[in-house]
């Protein structure tokens, strides 16, 4: 039987709670390599504690929660739950599925916040609503070469679709992405997908038409996307009321995704220093 120590899960949960519970100084939290260092003495204390304080989780049965009962009293009456993970680890998705079902049973939560771009989760939700596997396949194509390009993550969404299908429509889980836009292709597919059916007002038509042509020109998309997003953001600043009237309730998400394309460009300037990268992205 495949099992995983709750020691690791405990660290993930504690880390998530501690980081999100910190007070921000000057509107941000910054870390350095030095601040993340742990002395051998502290590490030994933690290891000794975890040797005596752990349980095990059965990952073969995702619908049996006796092995998670250790958390029952801690989550009673709570509405927000934090977990964490290490990219590229197979157990992530197995834990995700089991914890989703467990928290759903205990709290009937609605929203599943993920370290994913908003555009990705927009299409994931369309897949969850329709079961159209082609939607999921299209999301994954630009992920090739990243930690996200794996069968476990892909199958996680298929399992969530199956699980959601057993729930009343009003109780089904909705996924919300809170990361920057790592794959501009998916971001621009989103920008086009939310365009209203009606023709754009003449004041913004040229910019809207450029978005449509950009998503169809994948050969030179990196610089093209960057230039198009800058032009779009400047145009929104000048003609915000026109964009709001044209997009209606979709304006906020349209604007957010385009901003996060620009945030991606800025954040990736710091990708060679993981601490600088985290600090830059987390401010966005």
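Quick note: the coordinates plus some simple rules give every number you see, no bench work behind them. What you see is a predicted model, and the numbers here were worked out from it, not measured in a lab. FYI the Cβ positions are ideal-geometry reconstructions off the backbone, even for glycines, and counts take in every protein chain you see.
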- [ ] Please arrange 115, 62 by counting, for each residue, the other beta carbons lying within 10 Å of its beta carbon, fewest first.
- [x] 115, 62
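How do 209, 179 rank when sorted from fewest to most other Cβ atoms within 10 Å of their own Cβ?
Details: 209 11, 179 19.
Fewest-to-most ranking of 209, 179: 209, 179.
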TODO: Within 10 Å, count the other beta carbons around each residue, average over each peptide in 233-242, 91-100, and list them highest first.
DONE: 91-100, 233-242
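Taking neighbour Cβ counts within 10 Å as the exposure measure, how do 257, 194 sort from fewest upward? Present the calculation step by step, with values, prior to reporting the outcome.
Details: 257 23, 194 15.
Fewest to most other Cβ atoms nearby, the residues stand as 194, 257.
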Task: Relative contact order [Cα under 8 Å, 6+ residues apart], segment 184-282, whole percent - done: 30
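Take the alpha carbon gyration tensor of segment 233-284, find the square roots of its eigenvalues, order them as a ≥ b ≥ c, and report rounded if a/c is under 1.5; if not, report prolate when a/b exceeds b/c, else oblate.
Working: a/c = 4.29, a/b = 2.92, b/c = 1.47.
The shape class here is prolate.
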- [ ] Would you mind calculating the gained length between residue 51 and residue 193 on full extension (0.36 nm times residue separation, minus the Cα-Cα distance), in nm to one decimal?
- [x] 46.0 nm
TODO: Place the peptides 103-114, 118-129 in order of packing, highest mean first, counting for every residue the other Cβ atoms within 10 Å and averaging per peptide.
DONE: 118-129, 103-114
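Cα gyration tensor of segment 184-282, axes a ≥ b ≥ c as square roots of the eigenvalues: rounded (a/c below 1.5), prolate (a/b > b/c) or oblate?
Numbers: a/c = 2.35, a/b = 1.70, b/c = 1.38.
Prolate.
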- [ ] Would you work out if segment 69-120 is rounded, prolate or oblate? Take a ≥ b ≥ c from the square roots of the eigenvalues of the alpha-carbon gyration tensor; rounded if a/c is under 1.5, else prolate when a/b is larger than b/c, oblate otherwise.
- [x] oblate
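If one computes P(r) from the Cα atoms of segment 129-216, what percent of pairs lie at distances over 20 Å?
Working: 1940 of 3828 pairs.
Tail fraction, whole percent: 51.
Cβ neighbours within 10 Å, averaged per peptide: list 246-253, 69-76 in order, most packed at the top.
246-253, 69-76
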